[in-house]
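Accompanying notes for the structure given below.
Each value in this text was obtained by applying a stated rule to the coordinates, not by laboratory testing. A quick note: this is a predicted structure, and the numbers were derived from the prediction, not measured. Cβ sites come from the backbone with ideal geometry, for glycine too, and all protein chains shown count toward neighbours.
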2 protein chains.
Amino acid sequence: MSAPKWRITVLKLDHRPERDKRLTTHVGLTARAFGASEFWSAGLKDTNIMDTIQQVSNQWGKKDFIVLTGVKWKTRLRQWKEENGEVIHLTMYGLHVDDVIDDIRRSQQPKLVVVGGPKVPNQIYQLADYNVAVGHQPHSEVAALSIFLDRLFEGQMLRWEFPDAVLRIQATSHGKRIIEAEEKKRAI
Amino acid sequence: MSAPKWRITVLKLDHRPERDKRLTTHVGLTARAFGASEFWSAGLKDTNIMDTIQQVSNQWGKKDFIVLTGVKWKTRLRQWKEENGEVIHLTMYGLHVDDVIDDIRRSQQPKLVVVGGPKVPNQIYQLADYNVAVGHQPHSEVAALSIFLDRLFEGQMLRWEFPDAVLRIQATSHGKRIIEAEEKKRAI
């Protein structure tokens, strides 16, 4: 068990419940597993996404992981910068992640990691302290987020365990082994 | 520019066009950008996905990237193993990626990387040469695939360029810069 060095919030722009349900959930779950402490989804409110991620946290730990949907990104971004937080926007147009990650790692400020939908407002590029490209090819905000956080935490977050987990996995070569913390299960 | 050391095919199980459209597309685009040469989607046929990924390859390069949908996974897996290919199944239940990646990297065999939907048949766990966990937390097949390929290629694939690209990005700190290869565009 180890704790993240930075306070990370992930903001996903432009969520539409019907079209984006699974993708936004994957961004949120990736944020949780890769070291963020909050996940904000802009666009429309969506309680399904909050419920799904909360259920995962209840079972696999990190119950204090915060999920907000229907967030107003402009207000939040302005507020974040006023409070001296850093804004990092992941975009294929930005500077290559491997060229800037050391700079980003050096600062202790809380980091708001913004990932986009298909059309990101120009303002975001200007407001961001860093526009970071996880390679310059089109792929996925989930891939970009996971690689960025993996680089930031130098691969360590894949070893973290959450002390409040009810379920844990015992690594196995061919099958599934889940260990249940009975006393914790009863306490829920 | 550099070429991948291994021939990689990515197989996504269980695609349903309505529910999974964006997610399956993201898996395919991540496969393309992170060093695979083919992407197969099992479940239902879906020409939209093929078209979307093909369009990306036409613009950003790697026109020989193969996309198949409606693939029969059982037949394909059996065939792959008969032809001495390796099967690597990404699952949170498997062995930690950082414990097995050196072994996987040592072999020169073509690699079929299988990523799941919510319910993966038990057979896959048995057929796989490696069940690999990108951490033991639930997150996303897109995140798992990107981290696995990033580890396999030791982070180098984010620097690859595709010589047949019509469009290229010039990295920039605050904005978008696209360079167009005019002569290639005219040739399409």
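Numbers below:
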| read-out | value |
| --- | --- |
| Under Karplus coefficients 6.51, -1.76 and 1.60, residue-wise ³J(HN,Hα) of the stretch A:166-175 in Hz, glycine/proline x | 8, 10, 9, 9, 9, 4, 8, 6, 8, x |
| log10 of Debye I(q)/I(0), alpha-carbon scatterers only, for the protein assembly as shown at 0.10, 0.11, 0.13 Å⁻¹ | -0.61, -0.75, -1.08 |
| Sequence-distant residues sharing a close amide H with B:Leu11 (under 5 Å, placed H) | B:Trp40, B:Val113, B:Val114, B:Val115 |
| Among B:Leu68, B:Leu112, B:Leu90, residue whose mean-square fluctuation peaks in a GNM of chain B (springs only between Cα atoms under 10 Å) | B:Leu68 |
| Inter-centroid distance (Cα atoms) of the stretch A:1-54 relative to the stretch A:72-100, Å | 16 Å |
| Options B:Ile147, B:Gln170, B:His96, ranked by Cα towards positive dipole end of chain B, top entry (Cβ charges) | B:Gln170 |
| Mean projected area in nm² (Cα convex hull; one quarter of hull surface) for the stretch A:1-110 | 7.7 nm² |
| A:Thr47 paired with B:Ile66, simple spin-label distance in nm, labels 7 Å along Cα-to-beta-carbon | 4.9 nm |
| Computed over chain A: relative contact order in percent, which uses C-alpha pairs under 8 Å that are six or more apart | 27 percent |
| Phi-based couplings in Hz for the stretch A:25-42 (Karplus 6.51, -1.76, 1.60; Gly and Pro marked x) | 4, 5, 4, x, 5, 5, 4, 4, 6, 9, x, 7, 9, 9, 10, 10, 10, 7 |
| Distant-in-sequence amide H partners of A:Asn131 (H built 1.01 Å from N, under 5 Å) | A:His89, A:Leu95 |
| Rule-of-thumb Rg ratio for the stretch A:30-77 [Cα; 2.2 N^0.38 Å; N residues] | 1.15 |
| Peptide B:166-174, shielding by other chains (average Cβ, 10 Å cutoff) | 6 |
| B:Arg78-A:Gln170 pseudo-label distance in nm [points 7 Å out on the Cα-to-Cβ vector] | 3.4 nm |
| More than 31 Å apart - percent of Cα-Cα pairs taken over chain A | 18 percent |
